[in-house]
Amino acid sequence: MNKKAVPTAAAVRELAILTGAVAIIAAAVYFFLVPSHASVSSISGLGIVLANFVPLPLSAITMILNVVLLVIGFLTCGREFGAKTVYTSILLPAFIGLFERLFPNLGSLTDSQELDVLCYILVVSVGLSILFNRNASSGGLDIVAKIMNKYLHMDLGKAMSLSGMCVALSAALVYDKKTVVLSVLGTYFNGLVLDHFIFDHNIKRRVCIITGKEEELRRFIIEDLHSGATVYESYGAYNMQKRREIITIVDKAEYQKLMSYMNREDPQAFITVYTVSDMRYQPKGNTA
């Protein structure tokens with residue numbers, strides 16, 4: 001009984017997190033992107049432009065586009081997208097439709113097109129970062145990017161940027177030059193903010209230190225930072241003097257504590273720092 005309850009509870013929690021993230025994205029679209037008329041790097045942005053030609057609400061247009069892209073994605077890339085992407089792709093227009101019913105004919109909350117775009121970028125980045133960190137996405141342009149990656153052998157990041165810019169430029173079909181410029185700038189800054197939200201949480205630093213106070217540093221890393229370290233023997237190329245190099249991986253807070261300690265205890269130490277965004281542990285015997 002308990003064995004079945006645990007995964008069920010985990011699945012409900014995962015579903016609640018995904019639902020909350022999609023609700024945030026839908027709110028960003030309806031309350032900020034729609035009033036701005038900007039077409040910022042999303043299927044919803046393209047839907048805002050198409051709503052000027054198709055007599056359907058934004059929620060219906062977004063639903064049709066997402067379903068079409070899901071079908072094309074499954075036909076071209078197989079089941080690569082998974083149940084999470086299907087769920088979020090359908091849920092997003094459903095939330096937008098709910099907001100359309102609850103808040104019909106809603107105007108700008110900020111009375112400024114520029115502030116609407118800025119608020120959209122900040123709010124949607126929160127929702128998207130939650131999805132990405134749960135190994136999910138909102139569908140739409142992610143599917144387009146994966147198709148381009150498979151058939152055009154284009155890097156996923158470049159494919160996302162290219163498809164996003166094409167959506168942004170589509171605003172030129174309907175709106176004035178200011179809206180087009182805001183759409184392009186919004187797409188660019190949306191990528192920057194999203195990178196910050198997603199990757200800054202995962203970035204760590206690989207710190208390599210050669211110091212005369214090796215034992216004190218080792219104890220500080222283990223006992224105060226509660227982190228691990230690796231010690232290598234190294235030789236100076238000039239005089240071939242043997243020294244030990246201590247290497248540790250730390251997060252932002254630990255890095256600040258480590259640098260404060262080194263500045264205080266051995267300001268002459270030789271230190272090199274590298275950015276690490278991905279760490280993997282390969283168990284023995286697993287060569288797949």
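The values are calculated or read from the model by the stated rules, or taken from the named source; none is laboratory data. All of these numbers come straight from a predicted model, not from anything done at the bench. Note that each Cβ is placed from the backbone with ideal geometry, even for glycine, and that neighbours are counted across all protein chains shown. Accessible surface areas use protein heavy atoms only, side chains included; no ligands, DNA or RNA. Shrake-Rupley method; radii C 1.70, N 1.55, O 1.52, S 1.80 Å.
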Quiz item: What pairs come up if the first residue lies in segment 247-276 and is open to solvent by 60 Å² or more (accessible area, probe 1.4 Å), the second is not in a strand (DSSP E or B), and their beta carbons are under 7 Å apart, counting only those six or more places apart or on different chains?
Solution: K257/L225; E265/K213; E265/E216; T275/I203
Exercise. Kindly check whether there is at least one residue in segment 74-84 that is modelled with pLDDT under 90, farther than 27 Å from Y188 by Cβ and more than 24 Å from the chain's Cα centre (by Cα).
Key: yes
Quiz prompt | Members of segment 68-122 that are more than 19 Å from T19 (Cα to Cα) and among the acidic types (D, E) | solution = E80, D111, E114, D116
Exercise. Give the residue that is farthest from H37 (Cα to Cα), with candidates limited to residues of segment 81-124 that are exposed (fewer than 14 other Cβ atoms within 10 Å of the Cβ) and among the charged types (D, E, K, R).
Key: R101
Practice problem: Could you please let me know if K177 is modelled with pLDDT under 85, open to solvent by 70 Å² or more (accessible area, probe 1.4 Å) and either closer than 19 Å to L92 by Cα or basic (K, R) (or both)? | Solution: no
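Regarding segment 50-57, can at least one residue be identified that is of a type outside the set (S, T, Y) and open to solvent by less than 40 Å² (accessible area, probe 1.4 Å)?
No, the conditions are met nowhere in segment 50-57.
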Quiz item: If you take the residues of segment 1-29 that are at pLDDT 90 or above and not aliphatic (A, V, I, L, M), which of them is surrounded by the most Cβ atoms within 10 Å (Cβ to Cβ)?
Solution: T19
Quiz item: Taking helices (runs of 4 or more DSSP H) that do not extend beyond segment 101-201, which have at least 2 residues that are under 19 Å from A51 (Cβ atoms)?
Solution: 113-133, 156-169, 177-199
Quiz item: What are the residues in segment 131-166 that are among the small types (G, A, S) and open to solvent by 20 Å² or more (accessible area, probe 1.4 Å), if any?
Solution: S138, G157, S161
Practice problem: Taking the options K150, K146, name whichever one is under 18 Å from the mean Cα position of the chain (by Cα) and among the basic types (K, R). | Solution: K146
Quiz prompt | Given (1) within 11 Å of the chain's Cα centre (by Cα); (2) closer than 25 Å to V181 by Cβ; (3) open to solvent by less than 10 Å² (accessible area, probe 1.4 Å), index of the condition L128 fails | solution = (3)
Self-check item: Scan of segment 157-194 for residues that are β-branched (V, I, T) and either touching a Gly at 6+ places or on another chain (Cβ under 6 Å) or touching a residue at least 60 places away in the same chain (Cβ under 8 Å) (or both), ordered by number
Solution: V167, V174, T179, T187, V193
Quiz item: Yes or no: I96 under 15 Å from A145 (Cα atoms), in contact (Cβ under 8 Å) with a residue 40 or more places away in the chain and part of a helix (DSSP H, G or I)?
Solution: no
